[in-house]
1. Along Cα→Cβ, 7 Å out, is where each label goes; now give me the distance between the ones at A31 and A159 in nm to one decimal.
2. Could you compute the FRET efficiency for T126 and L89, with r as their C-beta to C-beta distance and R0 at 22 Å, rounded to 0.05?
3. Among A73, G150, T137, whose Cα projects farthest towards the positive end of the dipole of the chain, with charges put on the beta-carbon of Lys, Arg (+1) and Asp, Glu (-1)?
4. Lys and Arg at +1, Asp and Glu at -1: add these up for the other residues within a Cβ distance under 15 Å of H101 and post the number.
5. Per 5 Å bin, what is the whole-percent P(r) computed from every C-alpha pair distance within the chain?
6. At 7 Å along the Cα-to-beta-carbon direction for both A208 and H101, put a label point, then send me their distance in nm to one decimal.
7. Tell me, D197, D99 in order of fewest to most beta-carbon neighbours within 10 Å?
8. Taking neighbour Cβ counts within 10 Å as the exposure measure, how do D34, D12, D56 sort from fewest upward?
Amino acid sequence: MSTDRDTVRSYDADAAQYAAEAAAMPQWVAAEIDAFVAELGGSGRVLEIGSGGGRDAVALEKRGISVRRTDVAQGFVELLRKSGFDADLLDPLTDDLTDPHRPGMPYDGIWACACMIHVAREDFGTVLGRLAEATRTGGRLHVSVRDGDGEDVSIGGSAATPRRYVETYWREAALRSELTDAGWTVSEMRRCMGRPDDWWLSARASRA
Ligand SMILES: C[S@@+](CC[C@H](N)C(=O)[O-])C[C@H]1O[C@@H](n2cnc3c(N)ncnc32)[C@H](O)[C@@H]1O
């Protein structure tokens, strides 16, 4: 059970550049935000893991949702704080997920967009289960992962800030089964294209 430190270091070292690259909202994420906000009835408190540059949190808050921004990479936490937002360093695999602003109160939802690609396969169910425990019955989940088989190491960046991301791919049947076993009821799963030939599985679920 472990979080890949090279992946976290890569984001840490290059957080501002990554945030700039991801600033434009993909159409499929915008559609997921619409559905998530509608399912929450336009209000509620949400834990976001892997907030990154904070693009989605801003969109959710514009729609009436209160978001707790968190990331496993300190670089993103600092970037978000510099922009005037509260943000916490948080690893969903090991850290206490309790909401510091509402101790003892579960979240109404979890937003986990494109971040659980970096959770190792053997830890995936543990993270989903911890997120379920932190959410009220009927609370909503968005989670998206890359569609495919196996694992991959993506190398890039520049000489000054090399990137080494470890990613785990999922197929729909296995993702559904992990979600169900962890205490989520899947309501919809969509296959969405990011960049050309960059396919994502996007799950909508509720806390059973
Ligand atoms: C592809 S970025 C997505 C960022 C943002 N959610 C977005 O959609 O633009 C992946 C995010 O996952 C975070 N991350 C890396 N390893 C993680 C892990 N083991 N568990 C959760 N998040 C992780 C990174 O720090 C980064 O914020």
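Laboratory data are not the source of any read-out in this text; all were calculated from the coordinates shown. Small disclaimer: the values here were computed from a predicted structure and weren't measured. Glycine gets a Cβ as well: all are built from the backbone with ideal geometry, and neighbour counts include every protein chain shown.
1. Using points 7 Å along Cα→Cβ, the separation is 4.3 nm.
2. The value I calculate is 0.70.
3. Looking along the dipole axis, the top candidate is T137.
4. Residues close to H101 contribute a combined charge of -3.
5. With a bin width of 5 Å, the distribution comes to 1, 7, 16, 21, 23, 18, 10, 3, 1, 0.
6. Reported label-point gap for A208 and H101 is 3.1 nm.
7. On the way: D197 6, D99 17.
Ordered from fewest to most neighbouring Cβ atoms within 10 Å, D197, D99 come out as D197, D99.
8. By the 10 Å Cβ count, ascending: D34, D12, D56.
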